[in-house]
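Have a look at the structure below before the remarks.
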Amino acid sequence: MTDYSRRTFLETIGLSMGASILLPAATLPDRARADRKLNVALCGLGRYANVLKRGFAESRHCRLAGIVTGTPAKAAQWQQEFKLPAQNVYTYETFDQVRNNPDIDLIYITLPNGLHKDYTIRAAQAGKHVIVEKPMAFTVPDCRAMIDACRKAGVQLAVGYRLHYEPHHIELKRLGQQKVFGPVRLIEASLGYQLAGTPPDDWHLKKAIAGGGALMNLGVYCIQSARYVLGEEPISVTAQYSPVTMPQLFREVEENITWQLTFPSGAVNTSATTANCNIDRFYASADNGFFELSPALSYGPFQGRSSQGPFNFPVVNQQAALLDDVASHILAHKPLPAHIAGEEGLKDMRVIEGIYRAADSGNKITLPPL
């Protein structure tokens, strides 16, 4: 049985992820000490922004300092709850004025997918660091444009990969990349939710703003898990759309999709994502054992086991851990770790584009080099 105490886990994550959140405050620059936190403005106050509330409450190195919203009622509610000064409350029309606000260091973009590129570039041009949610954009060229804009502006770009800070997933990565049970041969990862009853005007159902359906919304988690457990980039893909069971909702984007990735080592990943039913699992088979999670790719709490027995890890706030790692690197004037930087989002988008091409054509697709 893998049994980590909270202290052991914190020590392990510090070593394995390079997470500055674990450094004592005295080791950080003066501006990062007790009275200095990274000031973050949330851009978009939808469902995930409400999940992030607890992350800000538990964060050691970040504070919610501003908001961007097009809904006056939300603006008033959030402003009152977080005691935000009026000058730190923006609409989408006034967003670019954030360049004149020294009390905002970073913009966290939780807008619909189709707005990620535009607001990332505008935030960079305003001189603000950026965290953007997944999927990073619609296309690989869009991702490159975002990365280039941030690099040109001298700001840092992170993607909201919260599971990289979750102990079960750190263990999956260790078991796979260190070949604890020998080479991993097969990974199965699936994520889906029953979305019957979703309002037909929900943005997730509109291709122009969502970019796609279940794959864009949920499939990115399956892709990520296979990539970081193997520590490899896939080289080819086949994919299939499944029958549409809710045609009244899924007129523009896919309801269900399944795909198969091949990796340089010969490992195969098969995944499915769906809006038709609830599924949340990960399974890896290696030469001399296995490891699995279920629930696996959602918000948790997660449960898992390996050939050595059940996992027993502490529950951590994934959002707070992500925020603190980003903040600690920025406050220390250090580059963000590669595993959450914009290039990581680009690598996922390369695979997503390949899955769509494979499903649309019915052919095996060789993925382009990075």
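Below is a table of values for the structure above.
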item: Failed condition for Leu64, given (1) on the phi < 0 side of the Ramachandran plot; (2) open to solvent by 60 Å² or more (accessible area, probe 1.4 Å); result: (2)
item: Test for Asp360: is it within 24 Å of His204 (Cα to Cα), at pLDDT 95 or above, open to solvent by 10 Å² or more (accessible area, probe 1.4 Å) and acidic (Asp, Glu); result: yes
item: Breaking point among (1) open to solvent by 50 Å² or more (accessible area, probe 1.4 Å); (2) farther than 30 Å from Ser306 by Cβ, for Ala75; result: (1)
item: Search result, residues across the stretch 257-267 that are more than 22 Å from the chain's Cα centre (by Cα) and either polar (S, T, N, Q) or surrounded by fewer than 19 Cβ atoms within 10 Å (Cβ to Cβ) (or both); result: Thr262, Pro264, Ser265, Gly266
item: Leading residue by the ranking (most open to solvent (accessible area, probe 1.4 Å)) among those in the stretch 129-146 that are closer than 19 Å to Lys37 by Cα and in contact (Cβ under 8 Å) with a residue 60 or more places away in the chain; result: His129
item: Residues satisfying the stated conditions in the stretch 273-297, i.e. open to solvent by 20 Å² or more (accessible area, probe 1.4 Å), under 18 Å from Arg227 (Cα atoms) and of a type outside the set (Lys, Arg); result: Asp280, Tyr283, Ser285, Phe290, Glu292
item: Set Glu171, Glu232: member being without any contact (Cβ under 8 Å) to a residue 60 or more places away in the chain, out of contact with any Leu (no Cβ under 8 Å at 6 or more places or on another chain) and under 25 Å from Leu293 (Cβ atoms); result: Glu232
item: Residue tally, condition open to solvent by less than 40 Å² (accessible area, probe 1.4 Å) and of a type in the set (S, T, N, Q), over the stretch 227-246; result: 1
item: Evaluation of Thr270 against (1) outside any loop (DSSP other than H, G, I, E, B); (2) open to solvent by less than 60 Å² (accessible area, probe 1.4 Å); (3) in contact with a Gly (Cβ under 9 Å, 6 or more places away or on another chain) (one fails), failing number; result: (3)
item: Filter result for the condition that a residue is open to solvent by 30 Å² or more (accessible area, probe 1.4 Å) and at pLDDT 95 or above, over Ala126, Ala189, Ala153, Ala158; result: Ala153
item: Odd one out for Arg251 among (1) farther than 21 Å from Ile209 by Cβ; (2) open to solvent by 20 Å² or more (accessible area, probe 1.4 Å); result: (1)
item: Residue in the stretch 92-111 that is farthest from His129 (Cα to Cα), counting only those that are more than 25 Å from the chain's Cα centre (by Cα) and either open to solvent by less than 60 Å² (accessible area, probe 1.4 Å) or of a type outside the set (Asp, Glu) (or both); result: Thr94
item: The stretch 275-292 - residue that is of a type in the set (A, V, I, L, M, F, W, C) and under 22 Å from Tyr241 (Cα atoms) and, of those, farthest from the chain's Cα centre (by Cα); result: Cys277
item: Residues of the stretch 52-95 that turn out to be in contact (Cβ under 8 Å) with a residue 60 or more places away in the chain and assigned to a loop (DSSP other than H, G, I, E, B), as a count; result: 3
item: Of residues in the stretch 298-342 being without any contact (Cβ under 8 Å) to a residue 40 or more places away in the chain and under 30 Å from Gln156 (Cα atoms), the one surrounded by the most Cβ atoms within 10 Å (Cβ to Cβ); result: Val315
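The values are calculated or read from the model by the stated rules, or taken from the named source; none is laboratory data. Being a predicted model, the structure only gives us computed values, none of them experimental. Every residue, glycine as well, gets a Cβ built from its backbone with ideal geometry; the counts of neighbours run over all protein chains shown. Keep in mind that these areas ignore ligands, DNA and RNA; they rest on the heavy atoms of the full protein, side chains included. Shrake-Rupley method; radii C 1.70, N 1.55, O 1.52, S 1.80 Å.
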